[in-house]
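The values are calculated or read from the model by the stated rules, or taken from the named source; none is laboratory data. The structure displayed is predicted, hence computed values, not measured ones. When we count neighbours, we look across all protein chains shown, and the Cβ atoms used for this are built from the backbone with ideal geometry, even at glycine. Please note that ligands, DNA and RNA were not included when accessible areas were found on the heavy atoms of the full protein model with its side chains. Shrake-Rupley method; radii C 1.70, N 1.55, O 1.52, S 1.80 Å.
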Amino acid sequence: MEYKERSAAVQAQEYLQDLISFKPDIKVLPSQREIADKLRISRNAVLHSLDKLKSEDLISSKERTGIVKNTKVDINMLGMKSMSSELNDDSVAIVHLLTTIIALPINLQNFFGLETNKLIKIERMRMRKSKPITYEIVYFDQAKFADLIKVDFTNISLYKLLQKKYGIKPTYGKENITCCLADKKISKILKIQKNMPLYKVDSFNYLDNDEPLETTTQYLIGSYFKYHFNANNIYDYRED
Amino acid sequence: MLFKEIYTDLKLMISKSDYPPGSSLPTEAELQHRYKVSRTTVRKAVDQLVAENKVIRKKGSGLFVAPVISKQNILEMTGVIKPSYIGSSDMIKFKDSYLRLVGYYYANIFHISSNELLYYISFITVINDQLTWEKLLLPLVLFPGFDPSCLKVMSIIEAVGSGKLRPANLLQELQIIKATDEIAKQLKIKKQGPIFKTTNLFSTKRGKIVAVEYRLQDALTTKYSIDF
């Protein structure tokens, strides 16, 4: 295979990624001029690398400070943990927006079963440093969880409450992750521009007796979050 | 020479890993020359290996030793994010494959010297009209003689298992990023449009990273699902 020199822009990008990932003490990155001088490359190449890192929301320009690192909220998808314990952050507040009772929508018939009549729909929002970051809608079977209609979910972890009140917790589930653009309603709730990209996470959670417990749709602001997944012993799935 | 003998000979070489999983086999013409038999005899032997799922005949690319891990295996893995299209047949178009310097950033990731060499392999796959841009980075020292053409028939998960150190664990990171001009062009979507960027870090039991994979897809048409 042939050998190729990295382009100046790639060199600058990797130099910055190294500072971002492996030099935790550095909060403010070097200036464009400093990077160009250090790597002996053009300002143009530096600019190109900064654009690339900005497109991934890894950095942002701050007036009078320079280029700063961004920290995304990192969510571990596995382990059946609730969003509250996942965020595990005192600066995150839960705002209860609304609880209503609705007829079983067609798209949830599969999950709840046709004998289910009405659902409790709980709408909540999470705020970090007083900025909205997620909008979440949880559905329960009203016949089984009628009392939830009265609960004020402000700063209450849903799963902790289920454990305390009903002595139950979800044991397995399925999650679908897609991306959508903020519509008028969501952009208003999350205080972002219309058409900003969002993670749309639909989760379906079951009790250990295979009964459906709840299903949730979460909208998370795309630039604030990243997800990670850890799979061990990947080759144990080899065919015999 | 009978077709049975050619069949047995090839099968033995595959089982001894003279031809490892995913590697390309000699063409039928080359086999014909090697065994000094007619094309019909060679074809009969190859047909039997194809029927037994030991060899893959890829149109326009030739013969390959079948990979060990099927797409179905990957689908059945718990805790691995699965794109909804996996399992369908795919087409792969190489954009770039070359050796480059490790550099400081990847030196810290792979824990090797920044002066060593890395394979950089970049390709586009087309599955049900869905484009994915893949980039794979492998240290030369762990994958001497790596042949990118194995990616035509084998999943990345299996390809990264063919090096000197076998990975056991996979850390996946999923982010939404904006399409740069180049990404937009490659994936044929709008500039600044949302992209799912998956970063896969393959590491050994002792935590040494042996391969880094980046996967870029149009976020608005991609669905991932996870069972837990």
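On the beta carbon distance between A:Ser91 and A:Glu34, with R0 = 35 Å, the FRET formula returns roughly 0.60.
Applying a DSSP loop filter and a limit of 16 other Cβ atoms within 10 Å to the GluC sites (Glu not before Pro) in the range A:1-71 leaves A:Glu2, A:Glu5, A:Glu63. Here's the picture: charge each Lys and Arg Cβ at +1 and each Asp and Glu Cβ at -1 in chain A, and of A:Pro170, A:Ser61, A:Thr215 the one pushed furthest to the positive end of that dipole is A:Ser61. Heavy-atom accessible area for A:Arg43, with the other protein chains in place and a 1.4 Å probe, reaches approximately 100 Å².
What the Cα convex hull of the range B:139-228 gives, in volume per residue, is 132 Å³.
Interface size, chains B and A: roughly 4900 Å² of accessible area buried, both sides included, 1.4 Å probe, rounded to the nearest 100. Between A:Asp208, A:Asp57, A:Asp25, the residue with the greatest mean-square fluctuation in the GNM of chain A (Cα pairs under 10 Å linked by springs) is A:Asp25.
Measuring between alpha carbons in the structure, the pairs from A:Lys27/A:Lys72; B:Lys11/B:Lys36; B:Lys16/B:Lys36; A:Lys226/B:Lys152; A:Lys27/A:Lys52; B:Lys44/B:Lys93 lying more than 21 angstrom apart are B:Lys16/B:Lys36; A:Lys226/B:Lys152; B:Lys44/B:Lys93.
State the Cα centre-to-centre distance between the range A:92-145 and the range A:1-57 in whole Å. Their Cα centres are 44 Å away from one another.
Counting only other chain Cβ atoms within 10 Å of each residue's Cβ, the peptide B:175-185 averages 5. Residues of the range A:153-183 that bury at least 20 Å² of accessible area when the other protein chains are present, relative to the chain alone (probe 1.4 Å, heavy atoms, ligands and nucleic acids excluded): A:Gly173, A:Lys174, A:Glu175, A:Asn176, A:Ile177, A:Thr178, A:Cys179, A:Leu181.
Comparing B:Val141, B:Val65, B:Val212 in a Gaussian network model of chain B, where Cα atoms under 10 Å apart are tied by springs, the biggest mean-square fluctuation is seen for B:Val141. In terms of its Cα atoms, chain A spans 69, 55, 31 Å along the principal axes, sorted from long to short.
Applying 1/(1 + (r/R0)^6) with R0 = 45 Å to the Cβ-Cβ distance of A:Ser60 and A:Ala143, what FRET efficiency is obtained, to the nearest 0.05? Here the calculated transfer efficiency is 0.40. Relative to its residue count, the protein assembly as shown spans a Cα convex hull of 180 Å³ per residue.
Please go through the range A:83-162 and write out the GluC sites (Glu not before Pro) that DSSP classes as loop and that have at most 12 other C-beta atoms within 10 Å. Those that pass, being in a loop and sparsely packed, are A:Glu115.
Look at the stretch A:218-228: the mean tally of other chain Cβ atoms within 10 Å of its residues' Cβ atoms is 4. Could you state the accessible area per residue of chain B in Å², with a 1.4 Å probe and every protein chain left in place? Computed with neighbouring chains in place, this is 45 Å² per residue. Think of it as helices only: each DSSP H run of n ≥ 4 in chain B is worth -39500 (n - 2.57), and spread over all residues that comes to -7000 deg cm²/dmol at 222 nm.
Within the accessible area of the protein assembly as shown, what % is carbon and sulfur when the probe is 1.4 Å and the other protein chains stay in place? That share works out to 50 percent.
Take the Cα coordinates of chain B, assign each an equal point scatterer, and use the Debye formula without solvent to give log10 I(q)/I(0) at q = 0.14 Å⁻¹. Each listed q maps to, in turn, -0.97. Taking each residue as 0.36 nm, the span from B:Lys191 to B:Phe94 lengthens on full extension beyond its C-alpha to C-alpha distance by 32.7 nm. The Cα-based radius of gyration of the range A:8-69, divided by its Kirkwood radius, gives an Rg/Rh of 0.92.
Highest mobility in the GNM of chain A, judged by mean-square fluctuation with C-alpha springs under 10 Å and restricted to A:Lys200, A:Lys38, A:Lys121, is found for A:Lys38. Between the helical axis of B:39-51 and the longest alpha-carbon principal axis of chain B there is an angle of about 50 degrees.
For the range B:151-166, the residues whose backbone nitrogen is under 18 Å from a point 7 Å from the Cα of B:Val126, taken along Cα to Cβ, are B:152-153. Legend: mean number of C-beta atoms from other chains within 10 angstrom of residue C-beta atoms, peptide B:97-106, equals 5.
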